[in-house]
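The values are calculated or read from the model by the stated rules, or taken from the named source; none is laboratory data. What you see is a predicted model, and the numbers here were worked out from it, not measured in a lab. With ideal geometry, Cβ positions are generated from the backbone for all residues, glycine too; neighbour counts draw on all protein chains shown. Only protein heavy atoms, including side chains, enter the accessible area calculation; ligands, DNA and RNA are left aside. Shrake-Rupley method; radii C 1.70, N 1.55, O 1.52, S 1.80 Å.
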Amino acid sequence: MRKIADKLEHLKPAQVIILGFLGVIILGTLLLMLPVSCRKAGSAGFADSLFTATSAVCVTGLVVQDTASFWSPFGQAVILGLIQIGGLGVITVAVAIALISGRKIGLIQRSIMQESISAPQLSGIVKFTRFILLTTLSLEGVGAVVMMPVFIRRFGAGRGIWYAVFHSVSAFCNAGFDLMGRGHKYSSLTSFAANPVINITIMSLIVVGGIGFLTWMDVVIHGIHVKRFRLQSKIVLLVTVILVLVPAVYFYFGEFTEGPEGERILLSFFQAVTPRTAGFNTADLTKMSETGIYILIVLMLIGGSPASTAGGMKTTTAAVLLASAWAVFRQRKDAEVFGRRISMDCIRNAGAILLLYITFFSVGGLIISRTEGLPLLECLFETASAIGTVGLTMGITPGLTLLSRGILVFLMYFGRVGGLTLIFATVSERGMGSGRLPEERITVG
């Protein structure tokens, strides 16, 4: 044990993070393979268990077996635990356990924690962790209490309470797992499309979970005084509002044009919120136009915000890239947002993240389309859902071969641990000197 601890101390924070997620996925796979985890006689296969565990830890929501009808209550509890760990982050949960047990948090653990939640500074990191845990449990508890009467009326007391807790945690962690498949498999929340309590509660949990822990802190400290917020929080809130309102307007006038007014509004807003990156749906996505599907793909790739329960490239990445492009258009040397200059390192990181996501999302979709003989748009939708850790589907995932499922597993893992985290963990720092090569101009564009 001592040798293992010594080896862990020499790992980079990025390596600890990716190994932590991998370890929880393996543990979850083994638990789901137990006979007690499955409703039917026997146990679930390795492939189905691995896919489900990866989807839960990476808070994605893509499934190859319907959660309600295939997994037993024990299996569902395992999935819920994996979702909670994945949403908060493996390192956050580990630190929480250490705090509860009274163990001292050393400098190495604090450094890993800082990288895990993208905290701006090392000081106060343990206090910040307590804030994350208390806020998370409080919000999930409130969400469960609000939805409980609706679920109890429909499913009875026992199932109603369990459904309220499960869906509250799943929504806050932006996971998208649901238990509505007992009546109709893979139905998600379509039977509650006109229920304002379920819709508004789920949407609120998704948005709050997806704006990030640092933004929560700004709201708690400064209240409604947005001018006092840090730059990141301002960008997160602005981009979040835009990415909810603009698609909702399109969906209202372009997709959901029939039915009662109230239901159309709920459908439009829900489908605008859930791609970032929750995975629930209240509408049949296969009936949407190609334009609507394309908008959903873009929203899934952007995802939520840094240091949150959401995945994707992140709202701040999109904002930095747009600010950089706007600076070029205006022939300005620096990209600026809210009266602040954005560093070149930040712009370079944003460009690298965009390249990684577009490359893996596109190549994965092309391979699945070619292998399975399926329409490219449907396959790109699945890969965007996987790499954005969303969980929305066009219904093709359960029928995919092992190769295509393996691609989705990799994309979910990549999307959750973060592209740059994965690269930093695997690329050696040796040989990186301070010397610079001669510069020569090239023409682009």
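Could you tell me which of the residues Ser268, Ser305, Ser324 is farther than 22 Å from Cys379 by Cα, in a loop (DSSP other than H, G, I, E, B) and of a type in the set (S, T, N, Q)? Walk me through it before giving the result.
Working: Ser268 fails: in a loop (DSSP other than H, G, I, E, B); Ser324 fails: in a loop (DSSP other than H, G, I, E, B).
After applying the criteria, what remains is Ser305.
Please tell me if Phe166 is in contact with a Lys or Arg (Cβ under 9 Å, 6 or more places away or on another chain), buried (at least 18 other Cβ atoms within 10 Å of the Cβ) and modelled with pLDDT of 95 or more.
no
Only one residue in Cys379, Cys346 is under 28 Å from Phe229 (Cα atoms), free of Cβ contacts under 8 Å to residues at least 60 places away in the same chain and among the hydrophobic types (A, V, I, L, M, F, W, C), so which one is that?
The unique qualifying residue is Cys346.
One line per residue, one yes/no per condition, for (1) open to solvent by less than 10 Å² (accessible area, probe 1.4 Å); (2) at pLDDT 95 or above; (3) within 23 Å of Thr383 (Cα to Cα):
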{"position": "Lys3", "(1), (2), (3)": "no, no, no"}
{"position": "Asp6", "(1), (2), (3)": "no, no, no"}
{"position": "Leu30", "(1), (2), (3)": "no, yes, no"}
{"position": "Arg39", "(1), (2), (3)": "no, no, no"}
{"position": "Gly42", "(1), (2), (3)": "no, no, no"}
{"position": "Thr54", "(1), (2), (3)": "yes, yes, yes"}
{"position": "Val59", "(1), (2), (3)": "yes, no, yes"}
{"position": "Val78", "(1), (2), (3)": "no, yes, no"}
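Quick one: which residue in Leu296, Leu266 is in contact with a Pro (Cβ under 7 Å, 6 or more places away or on another chain) and either of a type in the set (D, E, K, R) or open to solvent by less than 10 Å² (accessible area, probe 1.4 Å) (or both)?
Leu296
Of all residues in region 347-358, which are surrounded by fewer than 17 Cβ atoms within 10 Å (Cβ to Cβ) and at pLDDT below 95? Before the answer, list the steps.
First, the residues of region 347-358 that are surrounded by fewer than 17 Cβ atoms within 10 Å (Cβ to Cβ): 348-349, 351-352, 355, 358.
Across region 347-358, the qualifying residues are Arg348, Asn349, Gly351, Ala352, Leu355.
Limited to region 375-400, what total is found for residues that are within 19 Å of Gly292 (Cβ to Cβ) and either part of a helix (DSSP H, G or I) or aliphatic (A, V, I, L, M) (or both)? Write out each step before concluding.
Start the filter on region 375-400 by keeping residues that are within 19 Å of Gly292 (Cβ to Cβ), which leaves 375-385, 388, 390-396.
Then drop every residue that is not either part of a helix (DSSP H, G or I) or aliphatic (A, V, I, L, M) (or both), which leaves 376-385, 390, 392, 394, 396.
The total comes to 14.
Please state which one of Ile198, Ile235, Ile242 is closer than 23 Å to Leu301 by Cα, in a helix (DSSP H, G or I) and in contact with a helix residue (DSSP H, G or I) (Cβ under 6 Å, 6 or more places away or on another chain).
Ile235
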